[in-house]
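What follows is a set of notes on a single structure, which appears directly below.
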Amino acid sequence: MPYLNKSESEARILKVRAILEAKNLDIALVYYDEFNIGNGWYLTGWCPQFEIGAVLIPRTGTPLILGGPESEPFAKLDSMITETRNFPVFMVPDEEYPNAEIIDFPTLFSELKGELGSIQRVGLVGTGRMPAEAYQQIVDGFKGVTLVDITEDFLRLRYIKSPWEIEQIHSAFGLADFAYDAMKAEIKAGTTEIQVAAAGEFAVRSRGASGFGFSTIVGSGPRSNAVVPTASSKELKDGELVMIGLSSKVNGYASAMGDVLPVSGSYTARQQECMGYLKKAFALTKEQLVPGKTGKEIDAPARAHFEKNDLAQYLVCPFVHTIGLHEAESPFFGPHSDDILKPGMAVAIDISFFGHPEFNGVRIETGYEITENGLVPFSPKMDNLLLQ
C-alpha cells in the first residue's frame, strides 16, 4: 500500500540518475530517518519506524533500501522500492535479530561491483544529517572510492512540485480546514490544550490523514511564547489568546494551518489590534509572492511593517517557506535569501512574533500554489480568514 504512485517514483529515480550522469557518479546513497524523512520518502513513499537507513540508486540496475531487519517487511509491503539489505549501523542499537540476514558495507561493495563492473565515485545525500558512525562505516566500506556530497543537487529536485504533488498538498490543506473548525469549537475556559489538539487530530485522522508534519501546536497564555509549543495539560483561561497550529498530511505531503483565537470567544480591543498587525503583515507578504522575486524582496515589506510598529525585536521566524514532504523545507525565503520564487512551488505564509510582554507569542499561517497566472490558495477558507 505505497503512498507514492509508480510513475512518480520512476520519474524521480530518473532525475537522480541524471545527476549521477552529470557528475560522473556510479551510485547515490540518500540518507533518511524519521526526522529527516523527506529525501527518502521522495523516492520510496515510505519511511521506517525506529530504524534509520538509506536509499541506494545505481546509475543502472535495481535501486535498494539499506536499513534494518525491522524495516525490511514494512518496506516490502509499503515502499515503491522493495529490494532491501540489512546493516548493523542502521539497526536499533543492541537489538538482536538471529533470523535476519545482515551484511556490511564491504559485502555490499562487492555485490555492486559484480553488477556494475566498477564503482569509483559515490554521491551522498544528507551527509550532514548522518550519525557519525554511519558515515564512518560508509567511508570504510567504500574504501578507495571518491565520495561526493550531492545533497544540494538532490534537494533542488524537490523545489518544483509535480501536478500529483500539488494535488496531495491541496488535499492535505482541505483536511486541515476540518481541524481548524474542530479546534476552534473546543476552545473555551476549562478545556485543556491537549483536548484542543485531540479535536483537531481526530478531525483529520478520521478523514484519512496519513500523518502529521509536526506535533500539533496549542499554546495558551504565556505558553505561546515557546514558538512551537506542543499541547499540555494546562487549562485555558478567559482573557487568554490560544495559538493553534496543525499540519495534516496526505500521502506524505503536508499542510500548514495556524491562527490565534480568544478563549472568551471574542477578542479584546488590544487583542484585535495585535491581530491587525499580523494580518497586515500577511497581506503585505502575499502581495510579494510573484514569480521572479527573491526571498529578501518577499520578506522586506512585512519586516518594515513590524519595525514601524516596534515589533521587530520579537521576530523569530522568516515569513515564507516552501512546503511539501516537510511542513517547512528548502528553499526558505528569509531576509537574506537570494532564492527565487518560481511557478510550481508550494509555499506557506507564516507570520509570527514571540516574547511580547502583553500578547506573548502569536502566529497565523496558510499556504499557496505558485503559478504563472498568480497564487492559488491551498485553503480558500484560511486565505479568507487571515485577510479579513
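The values are calculated or read from the model by the stated rules, or taken from the named source; none is laboratory data. As the structure is a prediction and not an experimental result, all values here were calculated from the model. A quick note on method: Cβ atoms are made from the backbone with ideal geometry, for glycine too, and the neighbour counts reach across all protein chains shown. Protein only, heavy atoms only, side chains kept; ligands, DNA and RNA dropped before computing areas. Shrake-Rupley method; radii C 1.70, N 1.55, O 1.52, S 1.80 Å.
Couple of notes before you dig in:
- Close Cβ contacts (under 9 Å, 6 or more residues apart or on different chains) running from residues in the stretch 6-22 that are within 13 Å of residue 63 (Cα to Cα) to residues that are open to solvent by 80 Å² or more (accessible area, probe 1.4 Å) and modelled with pLDDT under 95 comprise 17/60.
- Hey, residue 379 in contact with a Lys or Arg (Cβ under 8 Å, 6 or more places away or on another chain), open to solvent by less than 10 Å² (accessible area, probe 1.4 Å), among the hydroxyl-bearing types (Ser, Thr, Tyr) and touching a residue at least 24 places away in the same chain (Cβ under 8 Å) or not: no
- Candidates 3, 42, filtered to the one that is open to solvent by less than 10 Å² (accessible area, probe 1.4 Å) and either farther than 20 Å from residue 108 by Cα or in a loop (DSSP other than H, G, I, E, B) (or both): 42
- When residue 285 is tested against (1) surrounded by fewer than 21 Cβ atoms within 10 Å (Cβ to Cβ); (2) more than 19 Å from the chain's Cα centre (by Cα); (3) over 21 Å from residue 162 (Cα atoms); (4) not charged (D, E, K, R), just one condition goes unmet, and that condition is (1).
- For beta carbons closer than 7 Å, sequence separation of 6+ or different chains, a first residue in the stretch 111-122 that is basic (Lys, Arg) and a second that is open to solvent by 60 Å² or more (accessible area, probe 1.4 Å) and at pLDDT 85 or above, the qualifying pairs are 121/24; 121/146.
- Of all residue pairs spaced 6 or more apart or on separate chains, those with beta-carbon atoms under 9 Å, a first member in the stretch 328-343 that is within 25 Å of residue 36 (Cβ to Cβ) and a second member that is of a type in the set (Asp, Glu) and open to solvent by less than 50 Å² (accessible area, probe 1.4 Å) are 328/350; 333/299; 334/299; 336/299; 337/299.
- Positions within the stretch 269-307 being of a type in the set (A, V, I, L, M), over 21 Å from residue 385 (Cα atoms) and touching a residue at least 12 places away in the same chain (Cβ under 8 Å), in sequence order: 290, 298, 300
- Any chance residue 329 is more than 24 Å from residue 151 (Cβ to Cβ) and of a type in the set (Asp, Glu): no
- Just so you know, in the stretch 88-106 the residues that are at pLDDT 85 or above and within 27 Å of the chain's Cα centre (by Cα) include one that is least open to solvent (accessible area, probe 1.4 Å), and it is 90.
- Total residues in the stretch 150-181 satisfying the condition of being in a helix (DSSP H, G or I), open to solvent by less than 30 Å² (accessible area, probe 1.4 Å) and among the aliphatic types (A, V, I, L, M): the figure is 6.
- Among the conditions (1) over 23 Å from residue 38 (Cβ atoms); (2) without any contact (Cβ under 8 Å) to a residue 40 or more places away in the chain; (3) not basic (Lys, Arg); (4) not in a helix (DSSP H, G or I), the only one that residue 147 does not satisfy is (1).
- Screening residue 188 on (1) over 16 Å from residue 367 (Cα atoms); (2) open to solvent by 10 Å² or more (accessible area, probe 1.4 Å); (3) part of a helix (DSSP H, G or I) shows it passes everything except condition (3).
- Any hit, the stretch 87-105, residues being of a type outside the set (S, T, N, Q) and within 14 Å of residue 26 (Cβ to Cβ): no
- Test: residue 144 is at positive phi, modelled with pLDDT under 95 and open to solvent by 40 Å² or more (accessible area, probe 1.4 Å): yes
- Odd one out for residue 147 among (1) within 22 Å of residue 17 (Cα to Cα); (2) of a type outside the set (D, E, K, R); (3) in contact with a Pro (Cβ under 8 Å, 6 or more places away or on another chain): (3)
- Residue match in the stretch 248-265 (condition: open to solvent by 50 Å² or more (accessible area, probe 1.4 Å) and outside any helix (DSSP H, G or I)): yes
- Residues in the stretch 301-316 that are more than 19 Å from residue 345 (Cβ to Cβ) and either touching a Ser or Thr at 6+ places or on another chain (Cβ under 8 Å) or open to solvent by less than 90 Å² (accessible area, probe 1.4 Å) (or both): 301, 303, 304, 305, 306, 309, 311, 312, 314, 315, 316.
- Unmet requirement for residue 322, which otherwise passes all of (1) surrounded by 18 or more Cβ atoms within 10 Å (Cβ to Cβ); (2) among the polar types (S, T, N, Q); (3) over 25 Å from residue 156 (Cα atoms): (3)
- Candidates in the stretch 223-247 are the residues that are under 15 Å from residue 363 (Cβ atoms) and open to solvent by 50 Å² or more (accessible area, probe 1.4 Å); of these, the one that is nearest to the chain's Cα centre (by Cα) is 228.
- Within the option set 56, 77, 66, 20, being among the hydrophobic types (A, V, I, L, M, F, W, C) and surrounded by fewer than 18 Cβ atoms within 10 Å (Cβ to Cβ) holds for one residue only, 77.
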